[in-house]
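The values are calculated or read from the model by the stated rules, or taken from the named source; none is laboratory data. Just so we're clear, the structure is a prediction, and the values are computed from it rather than from any experiment. Note: ideal-geometry Cβ built from the backbone for every residue, glycine included; neighbour counts use all protein chains shown.
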Amino acid sequence: MARSLEDAITKLERFVRERPALADVPVAIVGGRLVTLRDMLEMLRRGEHVEEILSALMRLGIDPSEDELKELAKEYYKGMRGALVVLTSEGCKVVTAEDAVREIEEGTEVGRVLMEMYLSMLRTMRMLLN
Amino acid sequence: MPRLNVAVYTAPNFEVATCYFWKAVKHLPEYAPVDAWEIHGLEANEAVREAVLHHLKEFDPAFFFGCGHGNPDVFTGQFYDRIFWTCNCRELAGRVVYLLSCLTAQRLGRDIVEKGAKAYIGYFREYVFYIEVPARCRDPITEDKYARAFFDTTLKLIGYLMSGKTVGEAFRMYIDDINKWIDYWSRQSDPDAKYIVSALTWDRDAARLYGDPTARVSSGALPFGGYGYAPEILSAILGASVGYAMTRSPMGAAKGATIAALTMFVLRKILKRLGSGA
């Protein structure tokens, strides 16, 4: 993972350029707010929260706390315009953005799947960032 | 002994998820050499255990594939009719099985292989896909651009098997295809692209292959029962000879060849259709 400011900016610039679909995924809480990799890049360029961002990049997708994961996942799924079709042991669920937030908040089986999917996504992004 | 180039599949259709696969499987001819195959589809209300068992016994296919809801021990069909379950799947012995269903790789898939199936492909976790319009069933290949990646890769997997690839080769190619779609969607600016990427990643990581990776379900992708286009070619030669003999001109030979080859092609299509009962 990025060990210096320059290295981090280079990696983030490349990622945002090559993977625009993933640049706006909320990935961490920095300065008390949920941020994406694109946000991190802009903040690093301005010299804001540098240590916090570098630390967040080091930990991307690695054992986030349950609360942090929940907040990030809910923010992530809020942006859905289509829907996820989830085949569970209880049948089929068509999950819209509103459904996703509710399922995560209520800790249902679908909510668990959504959170695990989001975490799996973070790990993929970590790999792509490097 | 299960018959190569024979397949039975289930495609229930009673809610959004099953409807998507039911629509997708209509595109199978675009992905697989169906002319070289005998395919028996059990769709909608036919996708039930009784019909599946009858078809497996009657047609003895080397390849069984299906879409349906599941759990670690059960694969279901129309309206959750239980088709196979752990310790009750001996009918799949000797066959290659692909279940587009959630969780069956946890236990049922292993049991299918332990009870004698040559190989099984399925999923260890919940299966997920992304659609453009909530609660509407659209054709995932031609109408729903977000769902396309999921069903394109599924149909390609089935097509690889039907084209003669081993189970191991087909599975690796399936994973590669998913990775290509992940790469494609991750490079798009569409705000929904990230949800497709995460669902594809999830499904890819949940996919499992058990059993013999060298198993095959096809003798090769030759149309019309394995003779290829040999009858058409022979007909063309005969037609050219007759055409030349009658007209003493190359044009006559060409016309004779064309008419004879086309006639043979159409005749074989008709006979195949009559033979399959379609």
Inset, instruction - Within segment B:166-192, count every residue that is of a type in the set (Ser, Thr, Tyr) and either exposed (fewer than 14 other Cβ atoms within 10 Å of the Cβ) or within 20 Å of A:Gly82 (Cβ to Cβ) (or both). - result: 3
Inset, instruction - Could you please give the count of residues in segment B:153-164 that are surrounded by 20 or more Cβ atoms within 10 Å (Cβ to Cβ) and either aromatic (Phe, Trp, Tyr) or without any contact (Cβ under 8 Å) to a residue 60 or more places away in the chain (or both)? - result: 3
Legend entry - Residue that is surrounded by the fewest Cβ atoms within 10 Å (Cβ to Cβ) [pool: residues in segment B:133-143 that are more than 24 Å from B:Thr104 (Cα to Cα) and not β-branched (Val, Ile, Thr)]: B:Ala135
Inset, instruction - Take A:Met58 and decide whether it is modelled with pLDDT of 95 or more and out of contact with any His (no Cβ under 7 Å at 6 or more places or on another chain). - result: no
Legend entry - All positions within segment A:95-112 that are touching a strand residue (DSSP E or B) at 6+ places or on another chain (Cβ under 6 Å) and surrounded by fewer than 23 Cβ atoms within 10 Å (Cβ to Cβ): A:Thr96, A:Glu109, A:Val110
Legend entry - Hey, A:Glu90 more than 22 Å from B:Ile178 (Cα to Cα), within 12 Å of chain B (Cβ to nearest Cβ) and at pLDDT below 90 or not: yes
Legend entry - Which listed residue is surrounded by 19 or more Cβ atoms within 10 Å (Cβ to Cβ), within 14 Å of another protein chain (Cβ to nearest Cβ) and at pLDDT 95 or above, from B:Tyr130, B:Tyr210: B:Tyr130
Inset, instruction - Would you confirm whether any residue within segment B:196-205 is within 14 Å of chain A (Cβ to nearest Cβ) and either of a type in the set (Asp, Glu) or over 30 Å from A:Gly82 (Cβ atoms) (or both)? - result: yes
Inset, instruction - Could you figure out which of (1) surrounded by fewer than 18 Cβ atoms within 10 Å (Cβ to Cβ); (2) over 15 Å from the mean Cα position of the chain (by Cα); (3) farther than 30 Å from B:Leu100 by Cβ isn't true of A:Glu66? - result: (2)
Legend entry - Residue check for B:Val25: touching a strand residue (DSSP E or B) at 6+ places or on another chain (Cβ under 8 Å), under 24 Å from B:Gln106 (Cα atoms) and more than 14 Å from chain A (Cβ to nearest Cβ): no
Legend entry - Hits in segment B:90-109 (condition: under 14 Å from B:Phe65 (Cβ atoms), aliphatic (A, V, I, L, M) and more than 14 Å from chain A (Cβ to nearest Cβ)): B:Leu92, B:Val96, B:Val97
Inset, instruction - Using the structure shown, decide if B:Tyr123 is aromatic (Phe, Trp, Tyr), in contact with a strand residue (DSSP E or B) (Cβ under 7 Å, 6 or more places away or on another chain) and within 14 Å of chain A (Cβ to nearest Cβ). - result: yes
Legend entry - A:Leu84 among the hydrophobic types (A, V, I, L, M, F, W, C), closer than 30 Å to B:Ala135 by Cβ, within 13 Å of chain B (Cβ to nearest Cβ) and not in a helix (DSSP H, G or I): yes
Legend entry - Filter result (part of a helix (DSSP H, G or I) and free of Cβ contacts under 8 Å to residues at least 24 places away in the same chain) within segment A:19-37: A:Pro20, A:Ala21
Legend entry - Unmet criterion (only one of (1) farther than 19 Å from A:Asp24 by Cα; (2) surrounded by 22 or more Cβ atoms within 10 Å (Cβ to Cβ); (3) not acidic (Asp, Glu)) for A:Lys74: (1)
